[in-house]
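Asks: Please read through the structure below; I'll follow up with questions.
The values are calculated or read from the model by the stated rules, or taken from the named source; none is laboratory data. None of the values given here were measured: they were computed from a predicted structure. Neighbour counts run over all protein chains shown; Cβ positions are idealised from the backbone, glycine included. Just so you know, the surface numbers come from the protein's heavy atoms only, side chains and all, with ligands and any DNA or RNA stripped out. Shrake-Rupley method; radii C 1.70, N 1.55, O 1.52, S 1.80 Å.
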Amino acid sequence: MVKINHNEVKISYTKRTDYIIQGVSCQNMKEKRAERLESIKEAHKSAKADSSSRMEDYLEVISELVELKGYANTLDISRYMNVSAPSVTKMLQRLDENGYLEYEKYRGINLTSKGNVVAATIRQKHGILLEFFKMLGIDHTAANKDAEGIEHHLNPKTIKQLRKFITYLKANPKVLSNFE
């Protein structure tokens with residue numbers, strides 16, 4: 001294994017194409033993460049969230065930044081959350097007190113396992129909603145914005161049923177083609 005930009009890439013000496021394909025998918029993941037951060041940023045320009053949604057958004061942004069860049073800092077978080085650096089510091093302290101991350105001023109930000117679980121759950125909800133909206137024929141930009149707007153407010157049972165429904169639609173493409 002060779003570590004490149006915090007992503008593990010297998011190098012096969014017998015099949016050079018494997019390396020190229022995996023390298024491209026690495027780049028695609030980075031592009032998706034960057035796009036995801038931008039969609040979070042756009043959503044925060046237009047909406048005020050409740051406290052728990054705001055905390056989830058911070059965890060999500062931190063997770064995305066760490067995946068994209070290898071680290072997260074207050075300035076980047078501030079930019080993607082559309083808030084001032086002091087507001088970020090205040091929220092980071094609160095998230096630290098609640099066990100979602102480890103934060104030391106001027107040191108670094110590390111999500112705890114509890115914080116990673118929340119970030120992963122939100123990311124999963126977003127993905128499910130995005131896929132569902134796209135199946136409905138909604139363009140990517142609108143679907144992304146809508147998913148960002150409601151991902152924090154859905155019950156886990158609702159998400160589970162949506163996932164089952166998406167799986168059903170994929171297994172029965174005729175149903176979906178009749179809808180279009």
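Asks: Using the beta-carbon distance between Asn155 and Ala120 and R0 = 22 Å, what value does 1/(1 + (r/R0)^6) give for FRET efficiency, to the nearest 0.05?
Replies: 0.80
Asks: Considering only protein heavy atoms, what per residue accessible area in square angstrom results for region 63-180 with a 1.4 angstrom probe?
Replies: 60 Å²
Asks: Over region 84-158, calculate the relative contact order: mean separation of alpha carbon pairs under 8 Å at least 6 apart, over the residue count, as a percent.
Replies: Taking the mean separation of contacting Cα pairs over the length of region 84-158, I get 18 percent.
Asks: List every residue whose amide H lies under 5 Å from the amide H of Ile109, counting only residues 5 or more places away in sequence or on a different chain, with H placed 1.01 Å from N in the peptide plane.
Replies: So Ile109 has HN proximity to Ala72.
Asks: Would you be so kind as to identify which of Asn144, Thr112, Phe132 lies farthest towards the positive end of the dipole of region 42-173, taking Lys and Arg as +1 and Asp and Glu as -1 on Cβ and the Cα centre as origin?
Replies: Projecting each Cα onto the dipole axis, the largest value belongs to Phe132.
Asks: Further question on the same structure: Got the relative contact order for region 38-180 handy, in percent, Cα pairs under 8 Å and 6 or more residues apart?
Replies: 23 percent
Asks: In whole Hz, with x marking every Gly and Pro, tabulate ³J(HN,Hα) for region 101-107 from phi via Karplus 6.51 cos²θ - 1.76 cosθ + 1.60, θ = phi - 60°.
Replies: These are the phi-based 3J(HN,Hα) values: 7, 10, 9, 10, 3, 6, 10 Hz.
Asks: Roughly speaking, what is the stretch gain from Leu75 to Glu180, that is 0.36 nm per residue apart minus the C-alpha to C-alpha distance, in nm to one decimal?
Replies: Extending this stretch completely gives an extra 33.4 nm.
Asks: What nm distance separates the two modelled labels at Lys164 and Thr141, each placed 7 Å from Cα along Cα→Cβ?
Replies: 3.6 nm
Asks: Which order do the peptides 93-106, 64-77 come out in when sorted by mean C-beta neighbours inside 10 angstrom, highest first?
Replies: The most tightly packed comes first, giving 64-77, 93-106.
Asks: Here's something else I'd like to know. Whole-Hz ³J(HN,Hα) for each residue in region 67-75, computed from phi via Karplus 6.51 cos²θ - 1.76 cosθ + 1.60 with θ = phi - 60°, x for glycine and proline: what do you get?
Replies: So the Karplus estimates, Gly and Pro as x, are 5, 7, 10, x, 7, 10, 10, 4, 5 Hz.
Asks: Okay, moving on. Using mean Cβ contacts within 10 Å as the protection proxy, how do 163-172, 29-38, 113-122, 143-152 order, highest first?
Replies: Going from most to least packed, we get 143-152, 113-122, 29-38, 163-172.
Asks: Work out the FRET efficiency for Glu35 and Lys105 from their Cβ-Cβ distance, taking R0 = 41 Å, and round it to the nearest 0.05.
Replies: 0.85
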